Amino acid sequence: MHILLLEDLPEIRQWLKTLVMQVFPAARVSESARVHDALEQITALRFDLALIDLGLPDGSGVEVVAALRESQPDAQSVVVTIHDDDDHLFPALQAGAFGYLLKEQAKDQLAEQLQRITQGEPPLSPSIARRVIAYFASQARTQPAEAQPLLPTVSLTERENEVLLRVAKGFTLPEIGVQLGLSRHTIADYVKQIYRKLNVSSRAEAALEAQRLGLFRKSPR
């Protein structure tokens with residue numbers, strides 16, 4: 001098995017590689033940190049599986065999902081991300097993602113989900129499976145899916161707001177991880193996505209945005 005691993009943060013990429021080797025010990029892993037590099041690898045190499053992050057410095061992993069489906073239809077793409085909202089989930093599924101996993105799950109849970117690939121089952125985090133079911137149930141109750149807006153307005157999720165507030169208050173990434181019951185790597189990924197969404201590059205700018213969004217007023221003293 002040849003696996004493409006697309007993740008821009010080195011620590012998280014190594015963590016995912018360790019997870020992959022635990023599930024597929026005989027696999028060969030090719031790593032990439034950029035959309036451009038991943039697309040070049042898809043052109044030059046054949047893959048059986050790709051684990052793809054969505055928020056990359058030079059674009060979206062959805063582009064890689066679509067390119068892999070187009071050029072290597074037998075390969076399976078699995079999104080591994082922090083995003084559990086519709087405006088990330090459904091474009092990835094439409095592009096051809098076979099599975100969608102959340103990084104905040106425990107490592108053994110992620111391993112169990114990936115193992116399902118060998119049985120032909122799509123790996124979906126439980127909350128993602130519920131979201132997909134709820135979406136199509138709502139379509140059935142209202143009007144045809146093609147008439148429904150697929151992508152809601154992009155905004156910070158509840159979890160991202162929680163992380164942003166703690167960043168603005170000066171907590172370190174490990175401290176935020178302890179408070180929210182998540183790993184430092186997952187918090188780092190949230191911070192990266194928050195900064196990208198808000199177009200900020202420092203803790204001070206993030207604090208100003210948190211104030212503008214009214215997060216301090218919502219936070220208990």
Original post:
Between the helical axis of 203-212 and the dominant principal axis of the chain, each derived from Cα atoms, what acute angle in degrees is found, rounded to the nearest 10?
Top reply: 70
Original post:
Hey, can you rank 19-29, 165-175 by average C-beta count inside 10 Å, highest first?
Top reply: 165-175, 19-29
Original post:
Considering the Cα trace of the stretch 1-105, what is its radius of gyration and what is Dmax, both in angstroms?
Top reply: 12.3, 35
Original post:
Using Cα pairs under 8 angstrom and six or more residues apart, how large is the relative contact order of the stretch 23-115, in percent?
Top reply: 26
Original post:
Can you give the angle from 0 to 90° between the axis of helix 86-95 and the longest principal axis of the chain, with both taken from C-alpha atoms, to the nearest 10?
Top reply: 10
Subject >> Per-selection Kirkwood Rh - the chain (Cα, Å, 1 d.p.) >> reply: 18.4
**OP:** Would you calculate a helix-derived [θ] at 222 nm for the chain, using -39,500 (n - 2.57) for each DSSP H run of n ≥ 4 and dividing by the full residue count, to the nearest 500?
**Re:** -16000 deg cm²/dmol
Original post:
Got the relative contact order for the chain handy, in percent, Cα pairs under 8 Å and 6 or more residues apart?
Top reply: 15
Original post:
Arranged from highest to lowest average of other beta-carbon atoms within 10 Å per residue, in what order do the peptides 181-190, 47-56, 198-207 appear?
Top reply: 47-56, 181-190, 198-207
Original post:
Which angle from 0 to 90°, rounded to the nearest 10, does the C-alpha axis of helix 184-198 make with the longest principal axis of the chain?
Top reply: 70
Original post:
Peptides 37-44, 6-13: what's the order by average Cβ count within 10 Å, highest mean first?
Top reply: 6-13, 37-44
**OP:** Please count, across the chain, the pairs of lysine residues with Cα atoms under 28 Å apart that sit 8 or more places apart or on different chains.
**Re:** 15
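Each value in this text was obtained by applying a stated rule to the coordinates, not by laboratory testing. Just so we're clear, the structure is a prediction, and the values are computed from it rather than from any experiment. Using ideal geometry, Cβ is built from the backbone for each residue, glycine included, and neighbour counts are taken over all protein chains shown.
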